[in-house]
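In what follows, a single structure is set out as structure tokens and then discussed.
The values are calculated or read from the model by the stated rules, or taken from the named source; none is laboratory data. Given the structure is predicted, the values throughout are model-derived calculations rather than measurements. Using ideal geometry, Cβ is built from the backbone for each residue, glycine included, and neighbour counts are taken over all protein chains shown. Heavy atoms of the whole protein, side chains included, go into the accessibility calculation; ligands, DNA and RNA do not. Shrake-Rupley method; radii C 1.70, N 1.55, O 1.52, S 1.80 Å.
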Amino acid sequence: LKELLYSKSFSFFYILTLVLSASGLTLIVFFGGEIKSQVEAKAKSALAADFSVSARRAIEEKEIQQIENEFKDSILQSSHSYEFFAMMSYAETARLVLVKVIDSNYPLYGKLEVNAERSLVGRDLKSGQIWFSKDAVRAIGLQKNEKVQLGSSSFTYTEEIGKDPTQTFRFGLLAPKVYILIDDLKQTKLIQSGSTFTDLYLYKLNDKVDAELSKNLQKKFIDPSLRF
């Protein structure tokens, strides 16, 4: 204390250092929490859920019921979708597209943006309609309300999706994406025995869920085709 009293310059820099250190720690905690929140929000938007169960095959109803029983008390909302490649016909031409089959709850987080002022969710997609990603519209040259053939069904093009937060590099570079309603999937006859596709179940969970849920399910359901 005597040193601090007699050496004013030392006291000034000592106190300044303490203030800067305390301020630095406060900023780190504040911005660290803010960055973490933003990363978590983007992760949820990219997945369109808190948690997913997927397989490169059909997940049987009995299987998914057994899996859901492990965390059923934490489920707030769920969504079921498929992804696969298919040939789409339009104006006597054929084009490879990535078909995203969605239900009315999709996505559980985020939205499909048409433009800066307008966005869509699964419940906006009606039976018999098909949505196209912006790159699909450019590649195929479609006009609104024109019809395309997908499998055994005809669909009417109604919306262009400008931005999809769930878009990944996994398939996005291979073919433009189109969206159809899950209720229309059976009529297309695109998924048959031997077909290659991804079956995907998405979940919005409450904060009671165990952080080790994925690892616990992987241990209990020993199936290399299942991903948690």
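Some points to look at:
- Loop-resident GluC sites (Glu not before Pro) (DSSP state other than H, G, I, E or B) in the range 67-97 with no more than 11 further Cβ atoms inside 10 Å of their Cβ: Glu92.
- Sorting Lys204, Lys163 on solvent-accessible area from highest to lowest, probe radius 1.4 Å, gives Lys163, Lys204.
- Between Ser104 and Arg56, the modelled labels are 3.4 nm apart [label points 7 Å from Cα along Cα→Cβ].
- Computed from the Cβ-Cβ distance with R0 of 30 Å, the FRET efficiency linking Phe228 to Asp207 stands at 0.95.
- Rg over Rh, two decimals, the range 117-225 (C-alpha only, Kirkwood Rh): 1.04
- Between Asp73 and Asp124, the C-beta separation translates, for a Förster distance of 41 Å, into a calculated FRET efficiency of about 0.85.
- Prolate/oblate/rounded label for the range 49-129 (Cα gyration tensor, a/c 1.5): oblate
- FRET efficiency for Tyr90 and Asn115, using Cβ-Cβ distance with R0 set to 22 Å, rounded to 0.05: 0.40
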